[in-house]
Amino acid sequence: MTEQEKQDAFLSAFKALESELKTLVKAREEEHVTFSKALNQVYYQKLDPVISDYEIYDFLRSASELRNMLSHENNIAYPSDEFLKKFQNIVKEIKQPLTCSDIMSHTIISLRKEETLHSAMKKMEEHSLSHLPILDHNNKVLGVFSRSTIFDYLSSYHKLPEKSELTILDFQEFTPTSQHKNDAFLYVAPNAKVKSVYSYLHKREHEKDLVMLLVTKNGNREDPLVGVITLSDFTKTK
């Protein structure tokens, strides 16, 4: 690729990104919004999970400076192959956002209500998980079990049930997603855009901490569970 071709490719990608940023900040077509202003608004208001990463935000500011140089003084600078490839990849990631299906865990570590407490704790330890969805035989979510489920039970009854083998069913009063005191859960569809979910999370004003996204067939709690997303899974968008 010649220097001129790299310049043209860069400016084309930059124009596409500029248009996308204006869409994100909901700028009217006739409204003049500079690239820098739109970029800052998207970053500080966390309107996009890719640009929310400071390193990417800072890189895009550098790209803006290069664009300004090319616009006012041709041939003074050209993007390197590495710079151009990185910029194009970022633009693609922003314009063609990931879906929940792209980042969710397809292998679901779950529980049945008949399983023992010992089995639940063993699964949590083996897989380094803090929360396990409880499914019925149609893979519909009955609730979520966590270590705090035991403490919630003890807080209410001051002792565990007097049985030789405790099961998840013994804790069913505290496992429905709505009964968790400090944890929140969100049902989403596989085709939901990660960008939209991310924006929703940062606009929430709930007291509870969102700890898991439950990905069901159509995004409804009555649908079968097809995957789960934890907050750490959002690192896959970077």
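The values are calculated or read from the model by the stated rules, or taken from the named source; none is laboratory data. All figures in this text were calculated on a predicted structure; none of them were measured in a lab. Here Cβ is always computed from backbone atoms with ideal geometry, including for glycine, and neighbour counts include all displayed protein chains.
Contact map, region 206-225: first residue exposed (fewer than 14 other Cβ atoms within 10 Å of the Cβ) and modelled with pLDDT under 95, second residue part of a loop (DSSP other than H, G, I, E, B) and among the polar types (S, T, N, Q), Cβ cut-off under 8 Å, separation 6 or more or different chains; pairs are Lys208/Asn182; Asp209/Asn182. Across region 167-185, which residue is modelled with the lowest pLDDT among those that are of a type in the set (A, V, I, L, M, F, W, C) and crowded, with 18+ Cβ neighbours inside 10 Å? It comes out as Phe185.
Do we find a residue being more than 30 Å from Leu201 (Cβ to Cβ) and either assigned to a loop (DSSP other than H, G, I, E, B) or not assigned by TED's automatic domain parsing to the domain that holds Ala120 (or both) anywhere in region 152-159? Checked against the condition, which is being more than 30 Å from Leu201 (Cβ to Cβ) and either assigned to a loop (DSSP other than H, G, I, E, B) or not assigned by TED's automatic domain parsing to the domain that holds Ala120 (or both), region 152-159 yields at least one hit. Go through region 66-94 and give me each residue that's touching a helix residue (DSSP H, G or I) at 6+ places or on another chain (Cβ under 9 Å) and modelled with pLDDT under 90. Selection gives Leu70, Ser71, Asn74, Asn75, Ile76, Ala77, Tyr78, Glu93.
Residues are listed down the side, and each one gets a yes or a no for (1) outside any strand (DSSP E or B); (2) in contact (Cβ under 8 Å) with a residue 12 or more places away in the chain:
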position: Glu162; (1), (2): yes, no
position: Leu169; (1), (2): yes, yes
position: Lys181; (1), (2): yes, yes
position: Ala184; (1), (2): no, yes
position: Val197; (1), (2): yes, yes
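Per the listing Leu70, Leu60, Leu11, the residue uniquely surrounded by 13 or more Cβ atoms within 10 Å (Cβ to Cβ) and under 28 Å from Tyr200 (Cβ atoms) is Leu60. Of the helices (runs of 4 or more DSSP H) that lie entirely inside region 30-124, those containing 1 or more residues that are closer than 26 Å to Phe10 by Cα and of a type in the set (S, T, N, Q) span 35-44, 54-72, 81-95.
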